[in-house]
Each structure stands twice: as structure tokens, then as C-alpha cells.
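Some notes on the structure that comes next.
The values are calculated or read from the model by the stated rules, or taken from the named source; none is laboratory data. Keep in mind it's a predicted model, so treat the numbers as computed, not measured. FYI the Cβ positions are ideal-geometry reconstructions off the backbone, even for glycines, and counts take in every protein chain you see.
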Amino acid sequence: MNRLTMYLVTLGVFLTATSELVVSGILYPISEDLHISLALAGQLITAYSLSFAIGTPILVSLTARMDRKKVLLGSLLVYIAGSLVSFASHNIWLLMGARVLLGVSSGVYLVSAMGAAAKLAAPEQLGRAIGTIVLGFSSAMVLGVPIGITIANALSWQSIFLLLAVLSLLIVFLLARLLPNVEGDEPVPFHQQFKVLGSILIVSALLLTLFRESGNSVLFTYIAAFLQDIFRISPAGISLVMLVLGVLGAFGARLGGYGVDRFGAPKVIISSMLIHIGVFAILPLLHSPLIGLPLIGLMAVSMFAAGPAVQSYFIQQAPGSPNLILSLNTSIIHLGLAAGAGAGGFMVNTSSTLQYHPWVGAFVLALGLAAGLVSFSAGRRKSLSKAPAA
């Protein structure tokens with residue numbers, strides 16, 4: 001895959017991720033326009049996450065042997081349909097159905113994009129290829145969400161989805177012409193693909209993802225409130241901080257990709273998580289933004305650097321069914337985000353402060369690191385057992 005085609009695929013990730021993330025910023029306009037409560041509007045996020053988490057592994061497994069190009073184009077076409085239904089929605093239930101279409105199609109597209117990048121990239125460039133795909137998601141946080149909110153304020157919330165549909169149709173046209181055919185997974189029987197889930201190596205790696213995303217989400221779901229309450233940053237200043245964090249996250253994703261190719265995925269995961277845990281351990285002791293903000297910036301770099309490393313690790317450890325494992329991993333990411341957000345919300349309700357959220361996050365991240373070390377150890381034993389046969 002040449003660089004132009006890689007960036008087109010990444011742009012598709014950017015568009016699909018924007019449809020997920022932008023809704024949290026336009027809940028008030030949606031609730032007012034559809035005459036529903038804010039709580040019911042919030043269930044649009046739940047519908048998306050559940051359809052993503054449940055539907056993606058099933059559809060990825062069923063399409064595992066298909067040409068990746070066909071799956072990418074097909075999932076984008078379903079995504080376009082979901083965006084158009086969203087644009088035309090004038091009641092909550094039609095919009096809820098559209099969110100299901102968007103969640104499933106976005107999940108399949110993301111997994112297929114990583115699978116295609118892994119197959120077309122040289123082995124020594126796997127980390128950079130996955131890092132580029134992950135960059136599409138982090139860019140959606142930096143650019144997609146604020147642009148979407150601006151469009152909602154200037155025009156209407158429906159206009160966002162029309163724009164996403166039009167841009168995605170352009171991506172479909174370009175990828176149909178430029179993307180080469182990419183063979184699917186090897187013809188491994190369906191039940192055989194799921195046998196990898198009995199491996200301690202894979203199960204512990206999935207636990208790594210669950211605890212890592214949960215630990216991140218305990219604080220990051222409430223990061224704006226944390227910056228305002230603990231570091232006394234104004235709302236205008238928070239917007240600037242979030243922009244900088246997004247840029248640092250994009251840099252971290254690229255850095256993590258290069259690190260995987262240079263040092264290997266386990267080393268990148270371990271080092272980034274140790275930095276992350278260290279920052280979380282220190283934050284509750286600080287009240288000065290002069291020290292706290294650089295540490296949070298370092299945390300953003302480390303958090304996003306681990307993303308391509310984790311995805312690359314799964315691809316390397318499950319070569320017979322990488323798309324299935326990647327889809328399960330992305331599902332667990334969403335479950336972890338939901339669990340962390342729920343835990344953070346419970347803490348806010350019981351303690352009325354955000355100061356100690358980082359310590360809870362650090363504890364959960366430590367559990368993830370422990371699970372990762374178990375997986376890495378199992379991977380080394382597996383490699384050693386194969387060495388004599390080689």
C-alpha cells in the first residue's frame with residue numbers, strides 16, 4: 001500500500017471515528033430538536049458502543065476470508081447509509097437505529113483497515129503502518145469533534161452526518177480505484193479461529209486492553225472537569241489544553257509505531273504504561289498547572305504510543321486469525337472505556353471530588369501491566385518452544 005492510499009484509508013478511520021465522538025458534544029442540540037431528555041439522548045452513545053462491541057467480532061469473523069478491499073468498501077457504504085439515516089432522522093428511534101448501523105460499520109472498517117495495513121506493510125514497518133491507522137482516530141478527537149460542534153452550532157446537528165456521508169462517498173470512490181486487492185485471512189475453520197481465546201497469551205493480552213482502557217477512562221472521561229477543578233483552568237483555556245493534548249496524542253501514536261518497529265511491541269507497551277502509571281501516581285499531589293500540565297501532556301504521549309503497540313502485538317501473536325482478535329480487542333476497548341467512565345462517575349457521586357481519580361486509574365493500569373507481563377512471558381515461552389524446530 002503506497003503512502004497516498006494509506007492516508008486515504010486513515011481518512012476513512014477519521015470520518016468513522018468522528019461519527020462516534022462528535023455525538024457527546026452535540027447532545028444538547030439533539031435533545032432539544034427531538035424533544036427528548038438529555039439522558040435519553042445519551043443512550044445514542046450506548047447504542048453505538050454496544051453495536052460496535054457486539055456486532056464487530058461477529059461480522060469480522062463472517063467476512064474473515066473475504067478480500068479486505070471489498071470489506072473496507074462494503075463497510076464504508078453501510079456507514080454512508082447510517083450517516084444518511086442520521087441526517088434524515090426526526091425522531092429518537094430512527095436515530096437510534098442509525099447509530100447501530102454506524103457502530104457496526106465503523107467497527108468493521110477500523111478492524112479491516114488495520115488488517116489491510118498489516119498485510120500490505122513490510123514486517124519491519126508494521127508498527128508505523130498501524131500507527132498511521134491509529135492516527136486517524138486521534139485526529140478525530142483533535143479536529144473532527146470541534147469541527148462537528150461548530151457545524152452543529154452554525155447549521156444543524158443533522159448537517160454533520162450529511163457532510164460525513166459525502167466525504168465517505170469520495171473515499172469509497174478513491175479507494176475503489178487506488179487500493180489494491182488484499183487477501184483475507186487464511187482459510188482457518190470458524191471454530192479454529194476461536195481456539196486462540198483459550199491461549200493464556202491472548203487472554204492476558206485482552207485483559208491488558210481492558211484494564212488499560214478502564215484506567216485511562218477513569219480520568220480522561222472527566223479530564224476537562226479535572227483541569228478546571230484541580231488546576232483552576234478557565235473553560236477557554238481547557239479548549240486550548242485539549243487541542244494540545246490531541247496533537248500530543250497524534251505524535252504519540254506515530255512515536256509508538258516507530259518504537260514497535262525499532263524495539264518491539266512489548267517494550268513499547270511496558271515503558272509507556274510505566275510512564276502513564278507514574279504520572280497518575282503524582283497528579284493528586286499537585287495543584288500547580290505549571291507542573292501538572294506538562295505531566296498530563298507526557299501522559300497523553302504515552303497513552304497514545306501504547307495504542308499501535310497493542311494492536312501490533314495482537315497481529316504478531318495471532319497470525320492465523322488477526323482480524324478476529326483485532327475485532328475482539330476493539331470491542332474490549334469500548335467495554336473498558338464504559339467501565340472506567342462508570343467507575344469515575346461513581347467516585348464523583350460519592351466523594352464530590354476528582355482529585356483522587358488518577359490514583360484509581362493508576363491501580364487499574366497496574367493490573368493491566370501485570371496482565372501484559374503475563375502475556376509477554378507466555379509469548380517468550382512460545383518462541384523458545386518453537387526454536388529447536390526451526
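Here are some notes:
- Test: residue 95 is farther than 27 Å from residue 242 by Cβ, crowded, with 21+ Cβ neighbours inside 10 Å and of a type in the set (A, V, I, L, M): no
- Residues of the stretch 54-103 that turn out to be more than 20 Å from the chain's Cα centre (by Cα), free of Cβ contacts under 8 Å to residues at least 24 places away in the same chain and within 20 Å of residue 329 (Cβ to Cβ), as a count: 1
- Failed condition for residue 288, given (1) surrounded by fewer than 24 Cβ atoms within 10 Å (Cβ to Cβ); (2) over 22 Å from residue 354 (Cα atoms); (3) modelled with pLDDT under 90; (4) not charged (D, E, K, R): (2)
- Residues that are among the acidic types (Asp, Glu) and in contact with a helix residue (DSSP H, G or I) (Cβ under 8 Å, 6 or more places away or on another chain) within the stretch 26-62 comprise just one, 33.
- Selected residue (only one of 230, 296 is within 27 Å of residue 363 (Cβ to Cβ), modelled with pLDDT of 90 or more and not assigned by TED's automatic domain parsing to the domain that holds residue 111): 296
- Residue check for residue 222: modelled with pLDDT under 85, over 16 Å from residue 371 (Cα atoms) and either of a type outside the set (A, V, I, L, M) or over 21 Å from the mean Cα position of the chain (by Cα) (or both): yes
- Lone unmet requirement of (1) assigned to a helix (DSSP H, G or I); (2) closer than 29 Å to residue 176 by Cβ for residue 64: (1)
- Lone unmet requirement of (1) in contact with a Ser or Thr (Cβ under 9 Å, 6 or more places away or on another chain); (2) surrounded by fewer than 24 Cβ atoms within 10 Å (Cβ to Cβ) for residue 88: (1)
- Only one entry of 306, 362, 341, 370 meets the criterion of being modelled with pLDDT of 85 or more, surrounded by fewer than 21 Cβ atoms within 10 Å (Cβ to Cβ) and in a helix (DSSP H, G or I), and that entry is 370.
Here is a yes/no grid of residues against (1) outside any helix (DSSP H, G or I); (2) within 20 Å of residue 165 (Cβ to Cβ):
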position	(1), (2)
12	no, yes
19	no, yes
23	no, yes
28	no, no
36	yes, no
52	no, yes
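- Residue 353 passes every criterion in (1) within 21 Å of the chain's Cα centre (by Cα); (2) among the β-branched types (Val, Ile, Thr); (3) outside any helix (DSSP H, G or I) apart from (1).
- For residue 243: the one exception among (1) loosely packed, with under 15 Cβ neighbours inside 10 Å; (2) more than 25 Å from residue 143 (Cα to Cα): (2)
- Any hit, the stretch 137-154, residues being part of a helix (DSSP H, G or I), at pLDDT 85 or above, crowded, with 18+ Cβ neighbours inside 10 Å and among the hydrophobic types (A, V, I, L, M, F, W, C): no
- Pair list, Cβ under 8 Å, 6 or more apart: the stretch 121-134 residue over 19 Å from residue 267 (Cα atoms) and among the small types (Gly, Ala, Ser), other residue modelled with pLDDT of 80 or more and buried (at least 22 other Cβ atoms within 10 Å of the Cβ): 121/128; 121/129
- The residues of the stretch 163-184 that are under 10 Å from residue 8 (Cβ atoms) and outside any helix (DSSP H, G or I) amount to a single one, 179.
- Residue within the stretch 36-47 that is within 26 Å of residue 119 (Cβ to Cβ) and not assigned by TED's automatic domain parsing to the domain that holds residue 339 present: no
- Checked against (1) modelled with pLDDT of 80 or more; (2) in a helix (DSSP H, G or I), residue 323 meets all criteria but (1).
- Being charged (D, E, K, R) and more than 30 Å from residue 378 (Cα to Cα) is a property that holds for residue 229.
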